[in-house]
């Protein structure tokens, strides 16, 4: 399966991508901007993760530009009955193979696929309160802030707020940004 965007291609994670993905996971800056894991991630840990990718409730995609993996996007906690899912995105901050707007294109492509092909009704995201870039991206895409989970994430010896956003299918349909080719 491939999802084609304006400048990116979303494809399945392959063994050749593991080195870059581990590099991203072990990047202290990346770890400080996200919640959910604590580095370092070893080759063995990543191999176990790679072998466990076949969940019906997750969709994991590598963001590919011109044959180079530059990040990862996906859905997790997909609830098929209620047609909801949580979106995530992590892009390599080293710009060696990146293009301006590639994160937006990757997220837009995944959202389009989620609503149009998977039939989801709502997509939500949770980001750290201080992750301004991520919050700004979600707001540009029409996500509404649902609330703040105060001091929900413990990182670097401190508790941090987590901001919850969501986008309904009807909001997606109204947003010109999601119409391919416009």
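The values are calculated or read from the model by the stated rules, or taken from the named source; none is laboratory data. Bear in mind that the values here come from a model prediction, so they are computed numbers and not experimental data. Using ideal geometry, Cβ is built from the backbone for each residue, glycine included, and neighbour counts are taken over all protein chains shown.
Which numbered condition in (1) within 17 Å of residue 91 (Cα to Cα); (2) in a loop (DSSP other than H, G, I, E, B); (3) modelled with pLDDT of 90 or more is the only one that residue 10 fails?
(2)
Any idea how many residues of region 112-134 are touching a strand residue (DSSP E or B) at 6+ places or on another chain (Cβ under 6 Å), outside any loop (DSSP other than H, G, I, E, B) and within 24 Å of residue 30 (Cα to Cα)?
7
Right, residue 33: free of Cβ contacts under 8 Å to residues at least 12 places away in the same chain and surrounded by 12 or more Cβ atoms within 10 Å (Cβ to Cβ) or not?
Taking the combined requirement at face value, the residue does not satisfy it.
When you go through 176, 169 one by one, which is the residue that is farther than 24 Å from residue 31 by Cβ and either touching a helix residue (DSSP H, G or I) at 6+ places or on another chain (Cβ under 6 Å) or in contact (Cβ under 8 Å) with a residue 40 or more places away in the chain (or both)?
169
I'd like the full set of residues that are more than 30 Å from residue 100 (Cβ to Cβ) and touching a residue at least 12 places away in the same chain (Cβ under 8 Å), limited to region 54-81.
Within region 54-81, 56, 57, 77, 78, 79, 80 qualify.
Inside region 155-173, can you point out the residues that are under 15 Å from residue 141 (Cβ atoms) and at pLDDT below 95?
173
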